[in-house]
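Colleague: Sharing a structure with you now.
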Amino acid sequence: MKTRIMGVFLAAVWLLVSRDALSQVFFPSYQTAFFQDAAGLLQNKQVRQELKLDQDESARLDAALRPIIDNYEKQVAIIQKLPVKDAREAYSTLRMATMHESHKAIEIALRPQQMKHLEQIALQQLGPKAFEDAKIQKRLGLTEEQKKRLQGIAEEAKEEKTRALKKGLTSQRSEEISQRQLERSVSTLTSVQQ
C-alpha cells in the first residue's frame with residue numbers, strides 16, 4: 001500500500017510535466033484511482049479477510065461494484081482525451097461521484113459491523129492526511145490553533161517530500177517523512193483526543 005501511495009505521488013508529479021503521463025500513469029486502472037477509497041481497499045484480499053467476508057458476501061459486493069467500476073472506466077477513457085487542465089477537473093469530479101456511488105453500494109453489501117471496520121481501515125490508510133478531513137477534525141474537537149499547527153506540519157512534510165523527490169525520493173524515505181508527520185501530528189492532540 002505504501003508503494004502505491006508513492007506511485008500515485010510520483011504520478012501526480014508526472015502529470016504536471018507531460019500529457020503522456022495522464023494516459024499512461026494517472027489512469028492505469030480503477031484500482032490505482034481508488035487506492036484510498038473503500039472500493040479500492042476491498043480489492044485487497046487481506047482487507048476482505050480482515051472483514052471476514054464469506055464467498056457469498058464477496059460475490060454480492062463484486063456484483064454491486066461492477067457497474068460502478070465499468071462506468072468509471074468508460075468515463076476515464078473519455079477524460080483521457082481532454083486537455084490536461086480540463087481532465088484534472090473532470091477526473092476529480094468523476095472520482096468524487098464514483099466514490100459516493102461505491103460507498104452507497106458497499107453500505108448495502110456489507111453488514112454494519114463490517115462497514116464500521118472498513119471505515120477504520122480506510123482511516124488508518126490515510127495516515128496523517130486523516131487530520132485534513134473536516135469530519136475527523138470535528139470528531140476530535142480540534143481547536144483552530146490545532147488545525148493551523150496540523151496544516152503547518154502537513155505543508156512541511158509536503159515540502160520535504162518535494163525536496164527529496166528532486167534528490168531521488170525512495171519509498172523508504174517517503175515513509176520516514178510520513179511517519180514523522182504522523183508522530184508530530186499526533187503530538188498536537190490532547191490526551192483525550194488521542
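Colleague: Mind listing the phi-derived Karplus ³J(HN,Hα) values for segment 62-75, rounded to whole Hz, using 6.51, -1.76 and 1.60 with θ = phi - 60°, and x for any glycine or proline?
Modeller: 4, 5, 6, 7, 3, x, 5, 5, 4, 4, 4, 5, 5, 5
Colleague: So, with +1 on the Cβ of K and R and -1 on the Cβ of D and E, and no other charges, what is the size of the charge dipole of segment 79-150 about its Cα centre, to the nearest 20 debye?
Modeller: Charge dipole of segment 79-150: 80 debye, to the nearest 20.
Colleague: Further, regarding this structure: How would you rank 143-155, 176-188, highest first, on the average number of other Cβ atoms within 10 Å across their residues?
Modeller: 176-188, 143-155
Colleague: Residue by residue through segment 169-184, which ³J(HN,Hα) values in whole Hz follow from phi under the Karplus form 6.51 cos²θ - 1.76 cosθ + 1.60 (θ = phi - 60°), with glycine and proline marked x?
Modeller: Values, residue by residue: 4, 9, 4, 5, 5, 4, 5, 4, 5, 5, 5, 5, 4, 4, 4, 5 Hz.
Colleague: FRET efficiency for Leu123 and Arg163, Cβ-Cβ distance as r, R0 = 30 Å, nearest 0.05?
Modeller: Efficiency computed from Cβ-Cβ geometry: 0.60.
Colleague: Place a +1 charge on the Cβ of each Lys and Arg in segment 56-181 and a -1 charge on the Cβ of each Asp and Glu, then give the dipole magnitude about the Cα centre in debye, rounded to the nearest 20.
Modeller: 340
Colleague: Taking +1 at the Cβ of each Lys and Arg and -1 at the Cβ of each Asp and Glu, which of Pro83, Tyr72, Met96 sits farthest along the dipole of segment 52-96 towards its positive end, judged by Cα position relative to the Cα centre?
Modeller: In segment 52-96, that residue is Pro83.
Colleague: Then there is this: What does the accessible area per residue of segment 153-194 come to in Å², with a 1.4 Å probe and no ligands, DNA or RNA counted?
Modeller: Using a 1.4 Å probe on heavy atoms only, each residue of segment 153-194 averages 68 Å².
The values are calculated or read from the model by the stated rules, or taken from the named source; none is laboratory data. All values derive from a computational prediction rather than experimental measurement. Glycine also receives a Cβ, built like all others from the backbone with ideal geometry; neighbour counts cover every protein chain displayed. When the accessible area is computed, the model is the full protein with side chains, heavy atoms only, and any ligands, DNA or RNA have been set aside. Shrake-Rupley method; radii C 1.70, N 1.55, O 1.52, S 1.80 Å.
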